[in-house]
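For reference, the structure is listed below as structure tokens.
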Amino acid sequence: MSVSQFFLEDKYLKSIISGYIYRSTQVEMAEIIENAFSSYINTCIEAPTGSGKTMAYLIPSLSSSNRIIISTKTKQLMNQLLYKDIPVVQKIVGRNKSIRSLKGRKNYFCPYRYFRFINPKAAFYIDAVSWFEENSKYGIIIEAPWGRLDNDICSLMTADRYQCVSNKCPYYEDCAFYMQKREANAADIIITNHFLLLSDIAMKSKDSFGSIFEYRDNIIFDEAHSVPDIFSQYAGVEFALSSLMILVYENKDIITINNVDKIYREFLKIIDKIKEPKELFEPLRHDFDNFINFISDVILSLDNEEIKEEYNTYLQLYKEFNSDKEGIRIVEKTMQKNNTVLTLKFIPFEAGADFVSGLKEAALSSIFVSATLSSGGNFEYFLKETGLDGLCETHILENVFDFHQQGRLFVPNISSFKEKDKVYKELISNMSGSALIICNSLERMQYIEQFLRRLKINKKIYTQSDVNIGELDFCNEDMVLIGSATLREGIDISGGGFKAVILDQLPFEYHKDIILQSKAEQISENSAKSFIDFFLPRAVLYFKQAVGRLIRHEDDYGLWVVLDNRILNKNYGKYFLDVIYNVEIIEDIEKALYFIKEEKHG
Ligand code: SF4
């Protein structure tokens, strides 16, 4: 039976999925995926919001005999697949394939570190072994009652990939992570997230020793627009010096308090030299080399093989960070619970070649699915970043909503921040329904929040940092939600709910970010070319994500508001306008407010 038959059984689907509507776009996508499974062709699919892409890839996946990995962006999305979508699709296809999920090591209980660091005499002692035996089949740490309480204690009971000693561990056979890994590799379908899968693909691109996932027929990357940025984190090297300091602290009795003190004093000297949140590593290289040499002298002279072995892993990481590979090397300085955290990051210029070679070791073919993959009507930017140019079929599926009827683009003619404030005041005070405001910086987010609060408007005001967004009901209560980049894609509000999605500016990234600057310079020293090839396609993709927040259903209607005249006045504005190509543009606020009056839409 071909997959399209499942969708044509309209009555049957309606009885299983409440509110099911037949959509030709969904069927087209399912057929493309079915074909990609049998022909093993790498495929990119841009499926617009509302096309039902989850069902469109789950139905072919569960009715195929191929062994498949489905990877999505977050653990929440994994849970949604496992507990909500897959049980429904199993009913539809009538096949019970074996399905397992796998998360990163840090999600599972690690008895090796628990017995090493958690002392039964300590005030915070937890009898974790008994608890996991009685309550949690897979030893998932977040399921435990203390999982949400104390991150510091949890981190002593879990291992990251550098802390895990894998097959040298006395608990290896019974280790929750490795048991789950073995079960996952034996299953027909694995559900995982991009962070684990892409770190594994990066490892396979170097050598496959220690990799987690066995070879598969196909991989489906959902939310695939995030693949290039996440992969480049793993293709490079990231070394948090806090891991090294935790190793020192956790073993203070063996290292001796005197030596621990000396190490901390050296660490503080480095912290003092770093003035900005992100700095290039090169001018600081000498200081870091001295610091690492100092710790090496202390730790490598200890008579304790376990500590030396863990330390050598970090030393190796520092050497990898310092290799002669071409890329950007930076030091990042952040604050966590009043502690300064220093992270060394190496980001290679050409991660695409590594991605392709790792992918070849992972599966016969891969399918990339997202609502935002193309920019300017093509996949050039995505294919270049992933190295898949010439190795991939591409499909842009048709919009399922009637943007022309359901939305208007409101671009008021403003030339100053004062005029922008005036538009915010008139629009938010007089509109009915909820508004989402997306800013390019946290400073702007805070400014707009304060400005709107001073107006004492009759709407609740929230920012991304102070609410559990998923629990807010934007449909039935008038609210304003203000946020920055994470709000463009990171919210899932079923039923939509906004009558206006407002972009405070076109979503160009901050040009002074040293990572973006270096990447753009590597593309071209000509700033106009790096703008066209790098900053512009990224901004158009972010714009598309923001646009997708407004119309989520056939009966939604609302305004896209762009408080940035460059969308109309600059040549590159057309790339943004193409995203909502047949929508009427209005400049007059009265017309904008009239369009979203409830009675007009019945
Ligand atoms: S194998 Fe790794 S994660 Fe498992 S118990 Fe041992 S050290 Fe911990």
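Report whether or not Ser155 is hydroxyl-bearing (Ser, Thr, Tyr) and either within 12 Å of the ligand (Cβ to nearest atom) or at pLDDT 90 or above (or both).
On the way: hydroxyl-bearing (Ser, Thr, Tyr): yes; either within 12 Å of the ligand (Cβ to nearest atom) or at pLDDT 90 or above (or both): no.
No.
Only residues that are surrounded by fewer than 23 Cβ atoms within 10 Å (Cβ to Cβ) and touching an Asp or Glu at 6+ places or on another chain (Cβ under 8 Å) were counted in the stretch 180-201, giving 1.
Among residues of the stretch 159-186 that are within 20 Å of Glu250 (Cα to Cα), those with a Cβ under 8 angstrom from a residue that is within 7 Å of the ligand (Cβ to nearest atom) and of a type in the set (D, E, K, R), sequence gap 6+ or separate chain, pair up as Ala159/Arg105; Ala159/Arg113; Asp160/Arg105; Arg161/Arg105; Gln163/Arg113; Cys164/Arg105.
Restricting attention to the stretch 269-301, the residues that are over 24 Å from Asn312 (Cβ atoms), β-branched (Val, Ile, Thr) and out of contact with any Ser or Thr (no Cβ under 6 Å at 6 or more places or on another chain) add up to 1. For Ile191, the stated conditions hold: it is in a strand (DSSP E or B), away from the ligand (no atom under 15 Å from the Cβ) and not assigned by TED's automatic domain parsing to the domain that holds Glu332.
Scanning the stretch 251-283 for residues being of a type in the set (D, E, K, R), in contact with a helix residue (DSSP H, G or I) (Cβ under 6 Å, 6 or more places away or on another chain) and farther than 27 Å from Ile328 by Cα gives a total of 1.
Please specify each residue of the stretch 533-556 satisfying the condition of being closer than 11 Å to Val579 by Cα and hydrophobic (A, V, I, L, M, F, W, C). Once the filter is applied, which keeps residues that are closer than 11 Å to Val579 by Cα and hydrophobic (A, V, I, L, M, F, W, C), the stretch 533-556 yields Val540, Leu541, Phe543, Ala546, Val547. Select from the stretch 286-315 the residues that are surrounded by 13 or more Cβ atoms within 10 Å (Cβ to Cβ), more than 29 Å from Pro170 (Cα to Cα) and among the charged types (D, E, K, R) and list them in ascending order. Answer for the stretch 286-315, where residues must be surrounded by 13 or more Cβ atoms within 10 Å (Cβ to Cβ), more than 29 Å from Pro170 (Cα to Cα) and among the charged types (D, E, K, R): just Asp287.
In the set (1) within 23 Å of Lys97 (Cβ to Cβ); (2) more than 12 Å from the ligand (Cβ to nearest atom); (3) under 24 Å from the mean Cα position of the chain (by Cα), the condition left unmet by Lys181 is number (2).
If the condition is being crowded, with 19+ Cβ neighbours inside 10 Å and either within 16 Å of the ligand (Cβ to nearest atom) or more than 17 Å from the chain's Cα centre (by Cα) (or both), then the stretch 72-92 contributes Ile86, Val89, Ile92.
Please count how many residues of the stretch 276-285 are touching an Asp or Glu at 6+ places or on another chain (Cβ under 9 Å) and surrounded by fewer than 16 Cβ atoms within 10 Å (Cβ to Cβ). It would help to see each step written out before you state the result.
Our first condition is that a residue be touching an Asp or Glu at 6+ places or on another chain (Cβ under 9 Å); within the stretch 276-285, this holds for 277-279.
Going one step further and asking which of them are surrounded by fewer than 16 Cβ atoms within 10 Å (Cβ to Cβ), we end up with 277.
Selection size over the stretch 276-285: 1.
The values are calculated or read from the model by the stated rules, or taken from the named source; none is laboratory data. If you're wondering where the values come from, they're calculated on a predicted model, not measured in any experiment. Neighbour counts run over all protein chains shown; Cβ positions are idealised from the backbone, glycine included.
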